[in-house]
Every structure is written in structure tokens, then in C-alpha cells.
Amino acid sequence: MAQTRVGGTVSRLAGGDTVPLPGARVVLHALTSAQQGPVDSVLADPSGHFEFRVKPDTAALLLTSSRHDGIEYFSRPARASSAARPDTGLVILVADTSSSAPVTLAGRYLMIGRPEQGGRRGALDLLVLQNRGDETRVARDSSVPAWSMPLPNGIEDFTPGESEFSAAAVGYHADSLTISAPLSPGDRQLMVTYTLPRGVKHLKVPFAAATDSVVFLLEEPTARVVTPGFVERDSQVIETRTYRRWVGSLPAAGVVEVKFAVPGEGGREATLALAALLAVGLLAGALLLLRRRGEPDTARPVAAPMRDPGALIDALARLDAQYAGREAEVGAVAWSQYAAQRAELKAALDGAVAARPPLR
């Protein structure tokens, strides 16, 4: 069978630009029904260019990676489906590491369910973290996390959900969410669930710094955000449940307060209904209150380029809601298409958010 080419360049972020990384070792990874893992490696030439010769396989997902300063960085999935259509435009961007590289909370979507048995409330918290610099944020040492942010006091049943971090890298300590994994330049999504404190009637949600986009999704008809600057938008329905949407931003560190007409009692049962959504892979879609428009057998390409971060996050949520955790169920072809489409959406989101002016 004729071979095709998979290649690209390895570059290092430096001073707001990129420079070639000659001599970098690049590893080719393959994911097929019969094989998963590294299959070949080469060294980048003096211009940072690398290339592999592979057999075309429409059912295979191919990725390239390079390790730099202790961190593994990956390219988007390759599209080498035939000998006549090589993919030589892959880009692997690596970065130096720093324990002080700035990481900010670019967006937060907090969904709070209605009281369940005994007045208990569950919460789903979706965070968009942003590293606009050219260094990867790492922990100073093993005794501290790479990044952390405050959560409401006294929450219970903290559990990492589907996100771009492994569950082992996400923790909860002293009323704070912690991340031990490196945070490379660009945007990363993180989702967690928890139950609200017992007896809460006025929930205070702390923010350690300015946040560009904050959305509260409240299922109780009488619940409301009382912090100035937040306005109520349209309500939406998902899985027969209606949520009211409150939208705002924080120009500086502060607290957003949510008022409930009836105090909740807290407890693990509060997450039953929301955890059910997580169990069937609908958590991301529920968080963003999207009406589901059917589930095709394979991932479909985006019809037109999007530049609005909210729309891109919505598209990622829909895609993850359909495929997350279902690799064995959907098969290698559908899974490889999902991975490729997700990488494209993620790259578009990184560009869209980077293009927006920061809060002042």
C-alpha cells in the first residue's frame, strides 16, 4: 500500500512569538481498534520540521507530541486518509515552565439545581481557565498546587467531572479548588460538582480576580442573583427542567451573592438529579442549557467558522455531551472524528478568547 506523509513543525513560545526547536524528539501516536500508543519517533531538523511516513487509514487517529521541560505537548489530530492527501501542517507548540505564569478565570458557568429531598441543592461548576502568556504554569513544589481558586464556604461532596484535567489532578482543600497539573498557554475547561452548605439562604460565591464572563443558571423560580451588575436573561429548558439565567462580569475580585427564598439543607442526595445527567454524558450540555438537536452516528464538521467564545463553548459542550466517555461504544471511526472536531473547536476557542481585550 502506498504511504502518505504526516509532518509539521515543533516551535517554542518565546516573547509573544514562536521560534523553531531543532533537535526536538517528536513521537507519533496511533489510535486504532488494534493498536494504541507510540509507533515511531524522529528528531526535528534545524528548522524544527519533522515528518513521518505512514500507511493511510481512515479509521486511525494519529497524533504527534514532543516533550519539553518535563511536559508533553500534542498537535491536533492528523488527517492522513490517503496517499494523495498528506497532512504536513501539524504544529506542536511547547513552552518553558514557570510557577508564576499568570492563569486567570476567563469564564464561569455555575448551575444550581432546585432543592431535592429535604431541601438539598446540587451545583455544577464549569470554569474556563486562561493562560495568555508563553510559559506553562507549574507548581512551585509538591506541597502546593499549580493553581487554585476559592469556592463557597462549606460545600460538600466535591467531585471532578468531565474536563480537560484528569480527576487525580483536581482537588478540594480549605474551601479552595486546586489543580496540580501543568497549565499550558491557551484555554482549558474544568468541571466540578458539589452540594451547597447546609442551611444556605444567601450563597456567597467568591472570585479571586476579575472575570470576564459569569453566568448563573438557577432552577428555583424564586432564586436570584442580588449582586449589582447581573441581569436576568431568557430562561431555557433541558430534560424538562427550567433554569433562569443571570449574566454579568466582575471587574475585580469580589463576591457574587445568590438569594434563595427557602434555605437548603445540604447533603449528598442533592446531586442525584444532576449526577444522573453526568452518568449519561449530558453534563456539559446541561450546564450550558442547550436544547439537544438529535444525536448523529458520527461527529459532523462545523458548518461555518465561529469567533464568538460563547458559541464555541456551546459547540464543545454539545460535542462532549454526545461523545464523552463513550469511546468503546461509538467505535474507532466515530471516536477519531470526535477527537479531530474537538481539537478544531478548541483551537478556535483559544484564538477567539485570545483576540478579546482583557478586562481592566
Discussion item. How much length would be gained if the chain were fully extended between residue 343 and residue 209, taking 0.36 nm per residue of separation minus their Cα-Cα distance, in nm to one decimal?
Written reply: 45.4 nm
Discussion item. Test of understanding: what is the full-extension gain from residue 202 to residue 25, defined as 0.36 nm times their sequence separation minus their Cα-Cα distance?
Written reply: 58.3 nm
Fill in: Electrostatic dipole magnitude of the range 104-279 [Cβ: Lys, Arg +1; Asp, Glu -1; Cα centre; debye, to 20]
440 debye
Worksheet item: What spacing in nm lies between the two simple spin-label points modelled at residue 159 and residue 84, each 7 Å away from Cα in the Cβ direction?
Response: 5.1 nm
Worksheet entry | Ratio Rg/Rh, restricted to the range 4-94 and using Cα atoms, in which Rh is the Kirkwood radius | 0.98
Practice prompt. Can you tell me the FRET efficiency between residue 69 and residue 249 if r is taken as the Cβ-Cβ distance and R0 is 45 Å, rounded to the nearest 0.05?
Written response: 0.85
Worksheet entry | Where labels lie 7 Å past Cα in the beta-carbon direction, separation of residue 142 and residue 262 in nm | 4.9 nm
Worksheet item: residue 224's amide H: which non-local residues (gap 5+, or another chain) put their own amide H closer than 5 Å, with H modeled 1.01 Å from N in plane and none for Pro or chain starts?
Response: 259
Practice prompt. Please turn the phi angles of the range 192-200 into ³J(HN,Hα) values with the Karplus equation 6.51 cos²θ - 1.76 cosθ + 1.60 (θ = phi - 60°), one per residue in order, whole Hz, x for glycine and proline.
Written response: 9, 10, 6, 10, 6, x, 5, x, 5
Practice prompt. Quickly work out the residue 96-to-residue 53 label distance, labels modelled 7 Å from Cα along the C-beta direction, and quote it in nm with one decimal.
Written response: 3.9 nm
Fill in: Computed lengthening from residue 168 to residue 241, 0.36 nm per intervening residue step minus Cα-Cα distance
23.1 nm
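Looking at the calculated P(r) for the range 104-279, what percent of the C-alpha pair distances fall above 23 Å?
Numbers: 6038 of 15400 pairs.
Cα-Cα pairs in the range 104-279 separated by more than 23 Å: 39 percent.
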Worksheet item: Ranked highest first by average number of other Cβ atoms within 10 Å, how do 127-134, 40-47 line up?
Response: 127-134, 40-47
Discussion item. Can you work out the Karplus-derived ³J(HN,Hα) for every residue in the range 151-166? Use 6.51 cos²θ - 1.76 cosθ + 1.60 with θ = phi - 60°, whole Hz, and x for glycine or proline.
Written reply: 10, x, 4, x, 5, 10, 6, 5, 9, x, x, 5, 6, 8, 10, 5
Discussion item. Using Cβ contacts closer than 10 Å as the measure, can you line up 73, 172 from fewest to most?
Written reply: 172, 73
Practice prompt. Distance between Cα centroids, the range 205-247 to the range 60-124: provide it in whole Å.
Written response: 26 Å
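Values in this text are rule-based calculations from the coordinates and carry no lab data. Because the structure is a prediction, the values reported are computed rather than measured. Cβ atoms come from the backbone with ideal geometry, glycine included; neighbour counts cover every protein chain shown.
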